[in-house]
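Below: the structure, in C-alpha cells.
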Amino acid sequence: MATRLKTWLRRCWQAVRQLSGDDAYERYLAHYTACHADTAPLSRKEFFRHEQQQKWGEIRRCC
Amino acid sequence: MNNRIFSASIWVAVALLGAAALGGIALNRGEPINALWFITAALCVHAVAYRFYAAWIAARVLVIDPTRATPAERLDNGRDFIPTNRWIVFGHHFAAIAGPGPLVGPTLAAQFGYLPGTLWILIGAVLGGCVQDMVTLFFSTRRNGRSLGQMARDELGAIGGIAALVATLLIMIILIAVLGLVVVNAMKNSPWATSTVAATIPIAMIVGLYMRNIRPGRVLEGSLLGVILLLLAVAAGGWLDHQPGLRELFNHPGLTLAWAVIAYGFAAAILPVWLLLAPRDYLSTFVKLGTVVLLALAIVWLQPSVKMHALTQFVDGTGPIFGGKLFPFVFITIACGAISGFHALIASGTTPKLLSNERDIRMIGYGGMALESFVAIMAMIAATVLDPGVFFAINSPAGVVGKEAAAAVAKISSWGFPVTVEQMSLLAQQMGEATLFARTGGAPSLAVGMASIFGSAFGQGMLALWYHFAIMFEAIFILTTLDAGTRVGRFMLQDMLGNLWPKLGETSWYPSVLLTSGMVVAAWGYFLYIGVIDPNGGVNILWPLFGISNQILAAIALCVATGILVKSDKLKHAWITGLPLAWLVTITSSAAWEKITSPDVRIGFLAAANDLAGKLASGALPPEKAASAPTLIFNQRLDAALTLFFVCLLWLIVLDMLRICARHLNGKPVPPLSEAPHLVTQLEEAWQRD
C-alpha cells in the first residue's frame, strides 16, 4: 500500500515537472545521448537560454 | 453483452440528467436558481458530445489512424517536436488556449440574462468551437504541424494564405487593445489594484533572473517563489492603500494608466523574453489554473444562487453595457467560451508537434475546448450570482446611467433591478475600493462575483483581499497576452516587411525590432486610447470589434477545414465544419452590418459619428466635449471602415473556398492535398495503450 502510494506520488510529481518544463533539460540530455552521442550537449544554462528564446518566439498565448 | 447494456444505460442517464438540468435552467422564470444546475448541465452536455459526436467525427469523418506515425515521432528533435504523454499535451494545450476571453465575454453577455449566454456557450462549444479545434489539430498533425496560415496557402491558394495572415495580425491588435482597456478600467483610481498590478512586473523580473542565473531552468522553484511574492503583493497593496502619501503615487485616472500600459507594452516587447515574458507566462499559468480549480470547488461547495433573470428586457438592443439586440450580439460578445478563432493558431503549429499518437486528438482538441467552455460557464455563474442591480451598477458606463451615484441607482432601479447607494457603498467598502460604480470592462464585476463566492466559501473577513487577488489574477494573464501578442504581431510584421526590404525581416536586427514593435504598439495603443476617451466606455466600441474579428478568424479556420474535407472526397460529412461556418458567417456579417448601418447611435459607428458631427456643427456641445469631438468622429468612422474590411476579408476567403470546392467537384485541378506520407508508428506506447 505504502509503496503504491509512493509510486503514485512520484508519478504525479513527474507529471507536474513535465507540464511546467522543469525537467526539460533532463529530457534533452536523454534525447541527446540517444541520438547525438558523438558531440557534447549544451550545458544546463545554455540549453535553458535557447529553449526560452525559441519557445516564446511563436504564438503561445490565446485570448 | 451485459457490459454494453450497463454502459448504454449510464449514458442514457447522463443524457437525461443533462436534458433535465438544461430544461430546468431554460424554463425557470423569476426565481433564483442553484448554480449547481449550470455545472450539471455543462458536464452532461460536454460528456455526451465528447462520447458520441467527437468519437463519431474521429472515427468516421477524420478516420483517425492510431498506427500512423505523428510528426512528433517522425521529426523528433528533442525540442519542439517531442512525442509527449497525452495528459501533458492536454495541459500545455489548455494552458495556451485559456486566457481572459472566456471570463470577460460571459460577464458582458449577462446583460441579456443568464440563459442566452449559457445556451450559446454550451451549443457553440460542442458543435462549433470543439470541432474547430479538433479538426484543425488533426489537419495540422497530418501536415507536419503547419500553421493555419500555411495550411490556408497550401490548400486554398495565395488569397487564403494572405487573408489568414492579415486577419491574424488585425485581430491581435484589436484583442490587445480591448484587453488593455479591461486592465485600465480595473486599475482606474484604485491604488490597491494599480500597485498590485505594477508589482507583478518586478516580481516577474526577479523570477526571470532566478531561473536564468541563480538556478537555471528550475521552473518550479522560480514559479513557487513568484506566486508567494504575488500573494504578498496583493496584501501589501492593501497596506499601501491606507498610506496617504504612497497611495497617491498609484491613484490615477484612466488616460494616465492607458499611457502607462502602452509604455509597458513597448518595453515588454523589446526586452529579452527571459526577463519578463517567460517568467510572467509561468506565473500566470500557475495562478490561472489554481484560481480556476479553486472557483470550481467553491461553486460546488457553496452552491450559490443565480439571481440574474433568465432573460432581461435588454434583448431588444437597449442594454447599458453594450448596445445591440440578442441576435447577433450575444454570439459576438461570447467569442472565446463558445468558439474562438485564436485556438486554431494554437491547434496548428504548437500542439501537433507534441502529439505522440493521432488517437489523442479527440481528447486534446475536443476535450481542451470543452474544458474552456466549462470555464466560461463558471464566469457566467460568477457574474450572475450578484444582485442584478449591483451587476448593472458596476458594468454600466457613466455616459449611460449618469455620473452621480443617486442618478445611477435611480436609473438602474427604474429598469426593474433595485439597488441603493448604501448597498453600493457598503460593497465598495468591503472590497476595499472607493467606488464600484461604472467599473466597466467585466473584470471588476467578475472580481466582485469571485470574491463573494470565495468569501462565502473560505471566510467573509477577507473580501477585499479576494477582490484584489481576482483583479491581480485577471491582470497578470491579460498582461501576458499583451506582451506575447505584441511580440507575435512584431514577428508577423517583420515577416511581411521582409518582403519589401530583407533587412527588416531579420528578427534580431535591433533597429527593425524597435521599428516594428513601435508600429504594433502604436496600432493597439491607438485603439486603447480610443476606448479610454470614449464617453460611453470603450467596451461598447471595442468588444464587438474584437468579437467580430475573433469569429472571423474562426470562420477562416473552418473554411480551411471544410475545403480540405471536400478535397479529400468527404463532401457527405463536410457539414461538421460547414454548418458552424455558415452560422459564423451569418452572425459576423449581420453584426458587422448592424455596426455599420444601424441608425441607433449606440450601435452604428456611422450613426454615432454623424450624430456627434451634427451636434458639433450646431454648437450644442460644451467646449470641453467640442475639443475631443473631431477625434471621436474620426475614430467611429475608422471603426466602421475596419469592420467593413473584416467582413470583406471573410467573404473573400469563403468565396475562394467555395470556388476551390466547386472546381474539385467538377473534376478541375485544385491545389493538391499537402498531407505528409503515411508511415507506421514505431512507438511501443501506441500499441500497448487502451
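No lab work stands behind these numbers, since they all come straight from the coordinates. Only a predicted model underlies this, so the values are computations on that prediction, with no experimental measurement involved. Methodologically, a virtual Cβ is constructed for each residue, glycine included, from the backbone with ideal geometry; neighbour enumeration extends over all protein chains shown.
In this structure, the pairs whose alpha-carbon distance is over 25 Å, taken from B:LYS188/B:LYS625; A:LYS45/B:LYS503; B:LYS188/B:LYS307; B:LYS325/B:LYS625, are A:LYS45/B:LYS503; B:LYS188/B:LYS307; B:LYS325/B:LYS625.
Compared with the alpha-carbon gap, the fully stretched path from B:ASN34 to B:LEU426 is longer by 138.6 nm at 0.36 nm per residue. Farthest towards the positive end of the charge dipole of the stretch A:24-63, among the residues A:HIS36, A:GLN52, A:ALA24, is the Cα of A:GLN52, using unit charges on the Cβ of Lys, Arg, Asp and Glu. Between the stretch B:310-364 and the stretch B:169-235, how far is it from one alpha carbon centroid to the other, in angstrom? Rounded to whole Å, the Cα centres lie 25 Å apart.
Ranking of B:ASP495, B:ASP534, A:ASP38 by neighbouring Cβ atoms within 10 Å, starting from the fewest: A:ASP38, B:ASP495, B:ASP534. Taking a straight Cα-Cα cut-off under 14 Å and skipping sequence neighbours fewer than 8 places away in the same chain, the aspartates and glutamates within cross-link reach of B:LYS567 are B:ASP154, B:GLU155, B:ASP656, B:GLU675.
Need the list of aspartates and glutamates near B:LYS403 for cross-linking: C-alpha distance under 15 angstrom, and skip anything on the same chain fewer than eight residues off. Hits, sequence-local ones excluded: B:ASP534. Every helix of 4 or more DSSP H residues in chain B counts as -39500 (n - 2.57), and over all residues that averages to -22500 deg cm²/dmol at 222 nm. Sites counted here are trypsin sites (Lys or Arg not before Pro) in a DSSP loop (not H, G, I, E or B) having no more than 13 other Cβ atoms within 10 Å; the longest part of chain B that contains none of them is B:30-402. Centre-to-centre separation between the Cα atoms of chain A and those of the stretch B:112-141: 32 Å. Multiplying the residue separation of B:TRP259 and B:ASN499 by 0.36 nm and removing their Cα-Cα distance gives an extension gain of 83.2 nm.
Show that you can apply the helix-only estimate: for chain A, add -39,500 (n - 2.57) for every DSSP H stretch of four or more residues, divide by all residues, and state [θ] at 222 nm to the nearest 500.
It lands at -22000 deg cm²/dmol.
As a ratio to 2.2 N^0.38 Å, the alpha-carbon radius of gyration computed for the stretch A:24-63 takes the value 1.41.
Let me spell out the model: positive unit charges on the Cβ of Lys and Arg, negative unit charges on the Cβ of Asp and Glu, origin at the Cα centre of the stretch B:143-240. What dipole size does that give, in debye rounded to 20?
Dipole size: approximately 160 debye.
Find how many whole Å separate the alpha carbon centroid of the stretch B:5-28 from the alpha carbon centroid of the stretch B:552-572. The stretch B:552-572 and the stretch B:5-28 have Cα centres spaced 32 Å from each other. Measuring max minus min along each principal axis, the C-alpha atoms of chain B give extents of 70, 67, 59 Å (largest first).
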